[in-house]
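K.L.:
Sharing a structure here in structure tokens format.
The values are calculated or read from the model by the stated rules, or taken from the named source; none is laboratory data. Remember, predicted model here, so these are calculated numbers, not experimental data. All Cβ positions, even for glycine, are placed from backbone atoms using ideal geometry, and neighbour counts span all protein chains on display.
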């Protein structure tokens, strides 16, 4: 009997959650128990609970990049898996990731106490933007457990990052230099900072605490983001990457475009005239993903402003966040145009997962992020990144709640080469 769409999505989600908790996550015993390369020599301590972020199937070596904020994003997926599958081990894994994050915080000076050590591109600067992306996982732990310590940690981390807020700009400084104890800009940013809307963390914190100041700053940065839009639906003027390179980070329109829906909701609650502008901005960002989708549902990581891209630059995490974005708009608007795009992306996502009998046990159940460039061999391999599986879990969970996507009749998951 053929596997139903629901069964396929559930099985794929289950195997990906197993990989995230059992392969990618560092167990008790830390790095000795789960080895990985650390090319930037991060000054972290015990890695137990952290996520090994990258694996190359060619070299069969693990490495790590930005482990603190990746742990926060992993928490989000692990709690989704616990809710969907009813398996308590995923809450345990999420709690372990949260404990790792709590160990990696500044305690001094007092004005930044509680700041998460969200190193990424080097081992000197806290990256403020990805800090907000990590904090959202702590907020999820608070929602799941009801334990005040997760909310307290979230608030302290946000307050520390907001020490770099620039009220005259509606932006926040890009980085915090830990050694010098000061907020600094980014040499690749022509602006003095960025609009820190990522994961709508400030809006979520405003909702759970009732403190309007977080919503005020969120809306102020959303206003600045709308003014800085370009090309339509994305933001070339903000890092990563210098604007003159003309290359767009594939998840930019997710990190900044999707939160405009939260800005719309906040503005509407307040009776603000800008609510419609925020919704329109979010739709343009979602349309940017529509324009970049392949016939079979895939997407690329670094297209230029005209949509051209590297031949081997496929990016599974971009396909997954597109599903999340389009599904939210479908629920809000009922606009039918989002459903075919979601179907295509799901078709791609299901085929981006490594099978349970693949030779290399390190990748069973994981989604590949991108193919390696050809190297003259029969098997150049794949880059496996935790972020592809993290967003893949969340995307499949979302699909399972949309009956229109699970019906057997109608359009196939994907076009041409990837028929269901």
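K.L.:
Given the condition in contact with a helix residue (DSSP H, G or I) (Cβ under 6 Å, 6 or more places away or on another chain) and not in a loop (DSSP other than H, G, I, E, B), answer yes or no: does some residue in region 306-316 qualify?
P.N.:
yes
Residue-by-condition table, conditions (1) under 19 Å from residue 322 (Cβ atoms); (2) crowded, with 17+ Cβ neighbours inside 10 Å; (3) touching a residue at least 24 places away in the same chain (Cβ under 8 Å); (4) touching a strand residue (DSSP E or B) at 6+ places or on another chain (Cβ under 7 Å):
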{"residue": "218", "(1), (2), (3), (4)": "no, yes, yes, no"}
{"residue": "221", "(1), (2), (3), (4)": "no, yes, yes, yes"}
{"residue": "224", "(1), (2), (3), (4)": "no, yes, yes, yes"}
{"residue": "232", "(1), (2), (3), (4)": "yes, no, yes, no"}
{"residue": "246", "(1), (2), (3), (4)": "no, no, yes, yes"}
{"residue": "250", "(1), (2), (3), (4)": "yes, yes, yes, yes"}
{"residue": "253", "(1), (2), (3), (4)": "yes, yes, yes, no"}
{"residue": "262", "(1), (2), (3), (4)": "yes, yes, yes, no"}
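K.L.:
In the set 89, 61, which member is at pLDDT 95 or above, surrounded by fewer than 16 Cβ atoms within 10 Å (Cβ to Cβ) and over 23 Å from residue 41 (Cα atoms)?
P.N.:
Testing whether each residue is at pLDDT 95 or above, surrounded by fewer than 16 Cβ atoms within 10 Å (Cβ to Cβ) and over 23 Å from residue 41 (Cα atoms) leaves just 89.
K.L.:
Going by the conditions given, is residue 205 closer than 20 Å to residue 279 by Cα and assigned to a helix (DSSP H, G or I)?
P.N.:
no
K.L.:
Continuing with this model, one more query. Given 77, 81, 97, which one is touching a strand residue (DSSP E or B) at 6+ places or on another chain (Cβ under 8 Å), farther than 21 Å from residue 211 by Cα, surrounded by 24 or more Cβ atoms within 10 Å (Cβ to Cβ) and touching a residue at least 60 places away in the same chain (Cβ under 8 Å)?
P.N.:
On the way: 77 fails: touching a strand residue (DSSP E or B) at 6+ places or on another chain (Cβ under 8 Å); 81 fails: touching a strand residue (DSSP E or B) at 6+ places or on another chain (Cβ under 8 Å).
Step by step, each of 77, 81, 97 is checked, and only 97 is touching a strand residue (DSSP E or B) at 6+ places or on another chain (Cβ under 8 Å), farther than 21 Å from residue 211 by Cα, surrounded by 24 or more Cβ atoms within 10 Å (Cβ to Cβ) and touching a residue at least 60 places away in the same chain (Cβ under 8 Å).
K.L.:
Out of (1) in contact (Cβ under 8 Å) with a residue 12 or more places away in the chain; (2) over 27 Å from residue 398 (Cα atoms), the odd one out for residue 32 is which?
P.N.:
The failed condition is (1).
K.L.:
Here's something else I'd like to know. Filter region 158-177 down to the residues that are touching a helix residue (DSSP H, G or I) at 6+ places or on another chain (Cβ under 9 Å) and part of a loop (DSSP other than H, G, I, E, B), then identify the one that is surrounded by the most Cβ atoms within 10 Å (Cβ to Cβ).
P.N.:
174
K.L.:
Given (1) farther than 15 Å from residue 142 by Cα; (2) surrounded by fewer than 20 Cβ atoms within 10 Å (Cβ to Cβ), where does residue 68 come up short, assuming only one miss?
P.N.:
(2)
K.L.:
Does region 133-157 hold any residues that are under 19 Å from residue 258 (Cβ atoms) and crowded, with 16+ Cβ neighbours inside 10 Å, and which are they?
P.N.:
133, 134, 135, 136, 137, 139, 140, listed by residue number.
K.L.:
A further question on this structure: For the condition in contact with a helix residue (DSSP H, G or I) (Cβ under 6 Å, 6 or more places away or on another chain), assigned to a helix (DSSP H, G or I), under 30 Å from residue 278 (Cβ atoms) and modelled with pLDDT under 95, what is the one hit in 405, 396, 324, 329?
P.N.:
Details: 396 fails: modelled with pLDDT under 95; 324 fails: modelled with pLDDT under 95; 329 fails: modelled with pLDDT under 95.
After applying the criteria, what remains is 405.
This table checks each residue for (1) assigned to a helix (DSSP H, G or I); (2) over 18 Å from residue 338 (Cα atoms).
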residue: 237; (1), (2): no, yes
residue: 249; (1), (2): no, yes
residue: 254; (1), (2): yes, no
residue: 285; (1), (2): yes, no
residue: 296; (1), (2): no, no
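K.L.:
Right, here's the next one. In region 264-293, which residues are over 27 Å from residue 202 (Cβ atoms), surrounded by fewer than 18 Cβ atoms within 10 Å (Cβ to Cβ) and in contact with a helix residue (DSSP H, G or I) (Cβ under 8 Å, 6 or more places away or on another chain)?
P.N.:
290
K.L.:
Just one of (1) in a helix (DSSP H, G or I); (2) over 22 Å from the mean Cα position of the chain (by Cα) trips up residue 272, so point out which.
P.N.:
Result: residue 272 passes all but (1).
K.L.:
Criterion first (in contact (Cβ under 8 Å) with a residue 40 or more places away in the chain, under 16 Å from residue 405 (Cα atoms) and under 20 Å from the mean Cα position of the chain (by Cα)) does residue 314 satisfy it? Give the derivation first.
P.N.:
Numbers: in contact (Cβ under 8 Å) with a residue 40 or more places away in the chain: yes; under 16 Å from residue 405 (Cα atoms): no; under 20 Å from the mean Cα position of the chain (by Cα): yes.
Criteria not met by residue 314.
K.L.:
Still on this structure: How about region 97-138: which of its residues are closer than 16 Å to residue 47 by Cβ, touching a helix residue (DSSP H, G or I) at 6+ places or on another chain (Cβ under 9 Å) and part of a helix (DSSP H, G or I)?
P.N.:
97, 98, 100, 101, 102, 134
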